[in-house]
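Asker: Shown below is the structure under consideration.
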Amino acid sequence: MRKIRSRLIITGLMVLLAVWELIPTNTTIRVRDVTSGLMKDSTVRRVPINLGLDLQGGIHLALEVDQSKGPVPDPAEAIRRAERVVRTRIDEFGVTEPVVQIVGGNRLIVELPGEKDPARAKGIIQRTAFLEFRITDMKSRFRDAIPDMDKALRGAGVRVPGGGPSVVSQLFGSDTGKAAAKAKKTAPDTSALSQPGALSALLYQGALPGEYLVPEEQVPVAESLLARPEVQRLIPRGIELKWGTEVESRGARSYRALYAVEDKPIITGEELEKANARRDQLTNQSVVDFVLSRRGGRVFERETGRHVNDYMAIILDGRVQGQPPIIKSEIGQRGQIELGNKTLQDANDLALVLRAGALPAPLAIVEERTIGPSLGRDSITDGIRAGVVGVILVVLIMVIYYRLSGVLAVAALGLYVLFTLGGLAGFGFTLTLPGLAGLLLSVGIALDANVLIFERIREELQHGKLVRTAVDEGFTHAMSAIIDSNVSTALTAFILYLVGTGPVQGFAITLIIGIAASMVTAVFVVRTFFMIWLQRRPDMVTLSV
Amino acid sequence: MLRLFANAAYDFIKWRRWAYGLTAAIIVPGFALFFVHGLNYSIEFTGGTLIQVATRQPLATSTIRSTLDAAGIHDAEIQTFGADTVFVIRARLGASSPSLEGGGTQQTAQAVAQALDAGLGAGRYEIVRTEAVGPKVGRELQGKAFLAIFFSFIVTLLYLAIRFEWRFGLAAVLATFHDICTTIAFIRYLNLEVSLVVVGAVLTMVGYSLNDTIIIFDRVRENLRKFRRQNLYEILNLSINETLPRSVLTHGTTMATTLALVLLAGEVLRPFALVMTFAIFTGTFSSIYIAAPVLMYIEKRWPGEDARGARAFRAATSVPPGPATPPGADAGVRPKAVV
């Protein structure tokens with residue numbers, strides 16, 4: 001009795017765990033903001049099973065360093081630079097969940113779900129990186145212009161209710177575009193004169209001149225306000241605004257930095273020759289050393305001489321990388337950037353940025369796949385249709401042949417599908433079309449364990465054993481066959497996973513999880529069902545098997 | 001109670017020479033074709049460009065061909081894909097067309113799109129899928145596929161040597177090797193395109209066929225312990241017959257799912273599903289007619305060293321009699337521990 005209860009508890013816990021994994025969760029994705037056309041972070045609730053590109057449509061690109069026009073000294077380093085550059089440009093793709101990853105040390109994989117135009121995607125990826133150093137707005141000219149901008153926005157009918165960041169937009173962080181629009185409609189026109197303006201409510205002065213912090217969830221609002229013509233007109237001459245790459249958290253909120261920088265770079269990546277990260281032995285600081293060309297050194301010496309004690313923003317592809325360092329003294333051909341107590345990893349990353357701007361990595365596309373969204377939809381529909389028909393056939397065979405025991409096996413099969421999907425979600429694997437086939441195939445194989453057990457029980461019954469004994473022996477005798485056959489199949493699938501790529505790996509993973517789930521359901525869960533059944537009917541003479 | 005093949009007592013092994021003949025009749029012509037024509041590798045393996053086009057109206061393949069010819073693209077292969085509104089246009093690398101050399105796969109895709117625009121009119125067709133694979137990636141994949149099959153053999157051999165005995169392992173691996181040969185012949189007969197997914201199907205077939213062999217061998221292992229007077233020939237026949245109902249049922253349920261995939265899951269998965277359906281036949285066949293006779297042959301050649309007689313293998317006798325439940329397999333349930 002106690003045994004049954006503990007088995008039921010374990011089964012219940014497994015069901016809970018699988019259901020828990022499948023509960024729609026908040027996932028952060030980048031989406032295009034309707035009002036500004038720019039990318040922002042957004043959260044959506046959805047079942048956490050990732051669909052492969054073959055199911056949702058999109059572009060898959062594999063890139064390698066192009067050595068056809070001359071050897072590249074360090075291809076692995078070149079691919080790391082390329083990855084950094086592609087990551088900086090990730091918003092330009094305009095897709096919700098881009099994947100950028102290095103595989104095998106020398107290949108860059110870029111996956112763009114939902115993107116349709118391969119030429120455009122390739123253009124963005126293969127464009128040469130542009131690095132520049134610019135002095136930040138040391139005289140706070142942008143800051144001085146903010147009140148005028150607020151006034152202009154007020155004139156245009158844009159306002160933010162309440163002081164500071166709007167309460168509405170804080171409550172509905174992910175939905176600020178709409179909230180601001182609503183605020184625009186409802187707020188009365190005359191009462192807002194004494195309140196801070198729409199723009200100044202969003203920008204907080206940062207630690208250095210020309211640095212402003214914007215709450216992460218309000219970045220799209222700030223972007224759309226700054227893009228308005230009445231604001232653009234008021235941005236002081238010679239000043240440009242650039243967003244930072246990093247999101248900084250202060251307490252519970254996270255902020256993105258916006259920098260007002262001079263519109264002319266003091267030097268560009270063309271003049272940069274080397275950049276390396278190291279840890280300074282004396283001060284224990286992380287440091288990036290860089291070397292400029294001779295010509296660049298002369299220009300840099302003159303410019304830095306004029307800008308001692310100013311801050312210098314390092315901008316790659318229009319994005320400010322890290323916090324701008326201060327210029328301590330005139331710098332010639334060799335300089336160093338001190339990162340204070342930042343980690344060596346940060347320093348390495350900055351050095352990579354500098355090198356990416358200096359030595360563009362010529363990328364060749366070695367593999368390209370574009371799946372139209374309609375094809376992906378058709379694949380899902382066809383896959384589900386085949387799955388439903390296959391499962392119905394399997395259920396019919398089992399119930400007709402094994403009667404009540406077959407019903408138990410089919411019930412366990414339901415749990416099996418739940419466990420497999422839960423496992424896929426829990427480990428964060430991607431479901432592909434071959435994976436869908438693997439799932440369906442493992443439904444057929446999953447029942448093998450039950451078939452083995454039931455046949456064994458029938459044999460034992462035929463040998464004149466009592467129902468209870470026959471069930472026990474059926475389970476124990478079938479076990480060695482079940483284990484050996486499943487383990488060897490799982491080993492083959494595992495090798496498929498190790499050696500295969502993309503879709504084949506997806507298939508192998510689904511098969512492995514399916515095998516594990518089928519062992520658990522066929523052996524453990526069905527056994528529990530039998531125990532309950534036998535307990536309810538202790539005097540049972542014939543078994544419906 | 002519905003029972004199929006219960007208490008069957010067919011003399012399966014007696015027909016083994018006929019079975020060898022049958023399997024040779026499948027493999028030999030298949031391999032002859034294979035050596036003459038090779039396999040129809042997908043561009044994933046050869047490198048090249050694939051463009052899948054869906055047109056508004058049904059078209060003949062020749063219309064597309066003449067359209068491409070008019071634009072100067074001559075070497076492309078054109079096939080319908082499931083329906084006569086869906087076409088797959090392939091241009092493999094290494095074909096004689098000079099425009100395809102030097103990794104110009106993307107240019108090929110653009111050239112085809114331009115040709116279709118000119119010939120069919122823009123908007124009257126839609127490009128639903130394009131793939132372009134460089135030659136290097138293709139070569140890598142070929143190597144990986146062979147590696148995968150090789151490693152799966154080694155691992156299986158090791159696992160079976162540990163769990164059973166090396167004679168069983170060798171017999172099972174030879175049966176699996178036979179299955180790979182018949183499957184290659186099958187792929188060659190139907191001229192299926194060998195894509196990565198089909199290689200995946202072949203490896204799954206390996207797992208499935210092995211699974212089937214192991215179920216029978218498990219019974220052989222048990223019967224060798226139980227009936228010490230009978231010879232291996234009888235034991236093998238007995239074990240195959242005893243597991244026959246299971247074979248019929250399991251193959252039935254698996255076949256139901258693979259046939260559903262063949263008929264309903266669409267063109268992309270069809271080669272995969274066909275290979276898997278064939279796998280059920282060849283896997284069952286080889287478990288009975290390759291694995292079992294090979295085991296007999298190995299046993300005759302290298303008899304087990306057990307003193308009681310040639311048929312009792314060392315591994316089988318070293319396992320203590322009684323239910324062979326591996327520890328921890330069925331959590332907490334000891335035999336006879338009835339609740």
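The values are calculated or read from the model by the stated rules, or taken from the named source; none is laboratory data. Keep in mind that this is a model prediction, so the values were computed, not measured. Methodologically, a virtual Cβ is constructed for each residue, glycine included, from the backbone with ideal geometry; neighbour enumeration extends over all protein chains shown.
Asker: Give me the residue from the range B:133-154 that is at the interface with chain A (Cβ under 7 Å from one of its Cβ atoms) and in contact with a Ser or Thr (Cβ under 8 Å, 6 or more places away or on another chain) and, out of that set, surrounded by the most Cβ atoms within 10 Å (Cβ to Cβ). Steps first, please.
Answerer: Residues of the range B:133-154 at the interface with chain A (Cβ under 7 Å from one of its Cβ atoms): B:133-134, B:136-137, B:144, B:147-148, B:151-152.
From the residues that got through so far, the ones that are in contact with a Ser or Thr (Cβ under 8 Å, 6 or more places away or on another chain) too are B:133-134, B:144, B:152.
Working: B:Val133: 27, B:Gly134: 20, B:Lys144: 17, B:Ser152: 24.
By that ranking, first place goes to B:Val133.
Asker: Return the residue satisfying two criteria in turn: it lies in the range A:79-118 and is at pLDDT 85 or above and within 16 Å of A:Leu55 (Cα to Cα), and of such residues it is nearest to the chain's Cα centre (by Cα).
Answerer: A:Val99
Asker: From the list A:Val523, A:Val443, A:Val499, A:Val504, which residue is within 18 Å of B:Asp212 (Cα to Cα) and either facing chain B (nearest Cβ under 8 Å) or free of Cβ contacts under 8 Å to residues at least 12 places away in the same chain (or both)?
Answerer: On inspection, the qualifying residue turns out to be A:Val443.
Asker: Give the residues of the range B:232-279 that are within 30 Å of B:Glu131 (Cβ to Cβ), among the aliphatic types (A, V, I, L, M) and more than 9 Å from every other protein chain (Cβ to nearest Cβ), sorted by residue number. Steps first, please.
Answerer: So in the range B:232-279, the residues within 30 Å of B:Glu131 (Cβ to Cβ) come out as B:257-279.
Applying the additional criterion that residues be among the aliphatic types (A, V, I, L, M) yields B:259-265, B:268-269, B:273-276, B:279.
Once the filter is applied, which keeps residues that are within 30 Å of B:Glu131 (Cβ to Cβ), among the aliphatic types (A, V, I, L, M) and more than 9 Å from every other protein chain (Cβ to nearest Cβ), the range B:232-279 yields B:Leu274, B:Val275, B:Ala279.
Asker: Residues B:Leu269, B:Leu203, B:Leu244, B:Leu192: which one is under 30 Å from A:Asp54 (Cα atoms), of a type in the set (A, V, I, L, M) and surrounded by fewer than 24 Cβ atoms within 10 Å (Cβ to Cβ)?
Answerer: Exactly one of B:Leu269, B:Leu203, B:Leu244, B:Leu192 is under 30 Å from A:Asp54 (Cα atoms), of a type in the set (A, V, I, L, M) and surrounded by fewer than 24 Cβ atoms within 10 Å (Cβ to Cβ), namely B:Leu192.
Asker: I've got another one for you. How do the strands (runs of 3 or more DSSP E) wholly within the range A:203-290 filter down when requiring 2 or more residues that are without any contact (Cβ under 8 Å) to a residue 40 or more places away in the chain and under 18 Å from A:Gly322 (Cα atoms): which remain?
Answerer: In the range A:203-290, A:239-250 are the strands (runs of 3 or more DSSP E) which contain 2 or more residues that are without any contact (Cβ under 8 Å) to a residue 40 or more places away in the chain and under 18 Å from A:Gly322 (Cα atoms).
Asker: May I pose another question? Kindly check whether there is at least one residue in the range B:47-63 that is within 31 Å of the chain's Cα centre (by Cα), at pLDDT 85 or above and of a type in the set (Gly, Ala, Ser).
Answerer: The answer is yes; a qualifying residue exists.
Asker: Out of all the residues in the range B:245-269, which are in contact (Cβ under 8 Å) with a residue 60 or more places away in the chain and either on the phi > 0 side of the Ramachandran plot or in contact with a Leu (Cβ under 8 Å, 6 or more places away or on another chain) (or both)?
Answerer: B:Pro245, B:Val248, B:Leu249, B:Gly266, B:Val268, B:Leu269
Asker: Something else: Which strands (runs of 3 or more DSSP E) sit wholly inside the range A:296-383 and have at least 2 residues that are farther than 30 Å from B:Val88 by Cβ?
Answerer: Qualifying strands (runs of 3 or more DSSP E): A:312-316, A:334-338.
Asker: Within the range A:35-78, restricting attention to residues that are modelled with pLDDT of 80 or more and β-branched (Val, Ile, Thr), which residue is nearest to A:Thr128 (Cα to Cα)?
Answerer: Out of the qualifying residues, it is A:Val65.
Asker: Within the range A:35-154, which helices (runs of 4 or more DSSP H) (wholly inside it) include 3 or more residues that are closer than 28 Å to A:Leu352 by Cβ and in contact with a Pro (Cβ under 9 Å, 6 or more places away or on another chain)? Outline the logic, then answer.
Answerer: Values: elements: A:53-56, A:75-88, A:118-126.
The helices (runs of 4 or more DSSP H) meeting that bar are A:75-88.
Asker: Restricting attention to the range B:111-132, which residues are of a type outside the set (Gly, Ala, Ser) and at the interface with chain A (Cβ under 8 Å from one of its Cβ atoms)?
Answerer: The answer is B:Glu126, B:Ile127, B:Val128, B:Arg129, B:Thr130, B:Glu131.
Asker: Scan the range B:252-302 for residues that are among the aromatic types (Phe, Trp, Tyr) and part of a loop (DSSP other than H, G, I, E, B) and jot them down.
Answerer: Residues of the range B:252-302 that are among the aromatic types (Phe, Trp, Tyr), as a first pass: B:272, B:278, B:281, B:285, B:289, B:297, B:302.
If the condition is that a residue be among the aromatic types (Phe, Trp, Tyr) and part of a loop (DSSP other than H, G, I, E, B), then B:Trp302 is the only one that fits.
Asker: Any residue at all in the range A:369-387 that's buried (at least 21 other Cβ atoms within 10 Å of the Cβ), within 14 Å of another protein chain (Cβ to nearest Cβ), among the β-branched types (Val, Ile, Thr) and touching a residue at least 60 places away in the same chain (Cβ under 8 Å)?
Answerer: yes
Asker: Assess whether B:Thr80 counts as being of a type outside the set (D, E, K, R), modelled with pLDDT of 85 or more and surrounded by 15 or more Cβ atoms within 10 Å (Cβ to Cβ).
Answerer: Details: of a type outside the set (D, E, K, R): yes; modelled with pLDDT of 85 or more: yes; surrounded by 15 or more Cβ atoms within 10 Å (Cβ to Cβ): yes.
Here the answer is yes, as B:Thr80 does meet what is asked.
Asker: Under 7 Å between Cβ atoms, which residue pairs at least 6 apart in sequence (or on different chains) link something in the range A:466-484 that is within 7 Å of another protein chain (Cβ to nearest Cβ) with a partner that is surrounded by 24 or more Cβ atoms within 10 Å (Cβ to Cβ) and among the acidic types (Asp, Glu)?
Answerer: Final answer for the pair search is A:Ser480/B:Asp218; A:Ala481/B:Asp218; A:Asp484/B:Asp218.
Asker: Can we say B:Phe217 is over 24 Å from A:Phe494 (Cβ atoms), in a helix (DSSP H, G or I) and of a type outside the set (Gly, Ala, Ser)?
Answerer: No, not satisfied.
Asker: Applying the selection to the range B:23-58, what residues are without any contact (Cβ under 8 Å) to a residue 40 or more places away in the chain and hydrophobic (A, V, I, L, M, F, W, C)?
Answerer: B:Ala24, B:Ala25, B:Val28, B:Ala32, B:Phe35, B:Val36
Asker: So, of the residues in the range A:299-321 that are basic (Lys, Arg) and free of Cβ contacts under 8 Å to residues at least 24 places away in the same chain, which turns out to be nearest to A:Lys139 (Cα to Cα)? Can you show your working first?
Answerer: Step one: of the range A:299-321, the residues basic (Lys, Arg) are A:302, A:306, A:319.
From the residues that got through so far, the ones that are free of Cβ contacts under 8 Å to residues at least 24 places away in the same chain too are A:302, A:306.
Working: A:Arg302: 20, A:Arg306: 14 Å.
That would be A:Arg306.
Asker: Looking only at the range B:1-47, count how many residues are more than 11 Å from chain A (Cβ to nearest Cβ) and within 30 Å of B:Arg92 (Cβ to Cβ).
Answerer: The number of residues fulfilling the criteria is 19.
Asker: Here are A:Glu217, A:Glu240: which of them is buried (at least 20 other Cβ atoms within 10 Å of the Cβ) and outside the structural domain of A:Thr304 (by TED's automatic domain parsing)? Before the answer, list the steps.
Answerer: Values: A:Glu240 fails: buried (at least 20 other Cβ atoms within 10 Å of the Cβ).
One residue alone meets the criteria, A:Glu217.
Asker: When you check B:Thr130 against the structure, is it over 19 Å from A:Tyr497 (Cα atoms), touching a residue at least 12 places away in the same chain (Cβ under 8 Å) and crowded, with 20+ Cβ neighbours inside 10 Å, yes or no?
Answerer: So B:Thr130 fits the description; yes.
Asker: Right, next: Among the residues of the range A:294-317, what is the count of those that are more than 19 Å from A:Lys328 (Cβ to Cβ) and among the acidic types (Asp, Glu)?
Answerer: Number of matching residues: 1.
Asker: Hey, which of the helices (runs of 4 or more DSSP H) in the range B:1-102, taking only ones fully inside, have at least 2 residues that are in contact with a Lys or Arg (Cβ under 8 Å, 6 or more places away or on another chain)?
Answerer: By residue number, B:16-37, B:43-46.
Asker: While we're looking at this one, here's another question. So which residues in the range A:261-283 are charged (D, E, K, R) and under 30 Å from A:Ile235 (Cβ atoms), if there are any at all?
Answerer: A:Glu262, A:Asp263, A:Lys264, A:Glu270, A:Glu271
Asker: If only one of A:Val100, A:Val86 is more than 20 Å from A:Leu131 (Cα to Cα) and of a type in the set (A, V, I, L, M), which one is it? So that I can check it myself, show each step before the final result.
Answerer: On the way: A:Val86 fails: more than 20 Å from A:Leu131 (Cα to Cα).
Selected residue: A:Val100, the only one of A:Val100, A:Val86 that is more than 20 Å from A:Leu131 (Cα to Cα) and of a type in the set (A, V, I, L, M).
Asker: Name the residue, out of B:Val198, B:Val202, B:Val173, that is part of a helix (DSSP H, G or I), within 17 Å of B:Ile298 (Cβ to Cβ) and in the same structural domain as B:Thr250 (by TED's automatic domain parsing).
Answerer: None of the other options fit; the residue is B:Val173.
Asker: On the given criteria, is A:Val366 touching a residue at least 60 places away in the same chain (Cβ under 8 Å), within 9 Å of chain B (Cβ to nearest Cβ), crowded, with 23+ Cβ neighbours inside 10 Å and of a type in the set (A, V, I, L, M, F, W, C)?
Answerer: Yes.
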